[in-house]
């Protein structure tokens, strides 16, 4: 559409450079947006992330505003060159990349800044561990604590795990000797 309005492709070397930069920025933005917003999370949490929702809303408003201004520029009576339209697209790409960088700082780096100390205590044997956490929701904190618990605490049960393995081994050996399929 803009070829007909702009009067053909009068794109020089600087315009072609802007097109290559625009294309590479869009590919980077596509991959980064997938990694930040559309990737499947490890766990589904019932609460909506406020920063993520505000960022998506801001990107939507920014995109609609750019498309409205683009439509006005193309459909207006003034003659726009192809290079000017490409420059307009490059400025939109730069704005979206800046919003993405701010979103990365708010969504990924904010929870990493230490703000609280959480102490986990396993009640049967009293083993404790302390962790520093950033500002995050209770659900995210619970998920973080569960990950740390499985990573840092040893296996504990009413019956020691080694004896349970030995019992299962003896039970299965007993079943194999007497031809029974069910060990219990």
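The values are calculated or read from the model by the stated rules, or taken from the named source; none is laboratory data. Fair warning: this is a prediction, and the values are worked out from it, not measured in the lab. Neighbour counts run over all protein chains shown; Cβ positions are idealised from the backbone, glycine included.
Scanning the stretch 75-115 for residues that are farther than 19 Å from residue 64 by Cα and part of a loop (DSSP other than H, G, I, E, B) yields 77, 78, 79, 80, 81, 113, 114, 115.
Of all the numbered requirements in (1) under 20 Å from the mean Cα position of the chain (by Cα); (2) surrounded by 14 or more Cβ atoms within 10 Å (Cβ to Cβ); (3) more than 25 Å from residue 21 (Cβ to Cβ), residue 97 misses one, and that requirement is (3). The residues in the stretch 116-135 that are part of a loop (DSSP other than H, G, I, E, B) and either under 23 Å from residue 53 (Cα atoms) or without any contact (Cβ under 8 Å) to a residue 12 or more places away in the chain (or both) can be counted, and the count is 4. The number of residues in the stretch 41-62 being part of a loop (DSSP other than H, G, I, E, B) and surrounded by 10 or more Cβ atoms within 10 Å (Cβ to Cβ) comes to 3. Being over 30 Å from residue 131 (Cβ atoms), modelled with pLDDT of 90 or more and in contact with a helix residue (DSSP H, G or I) (Cβ under 9 Å, 6 or more places away or on another chain) holds for only one residue in 28, 20, and it is 28.
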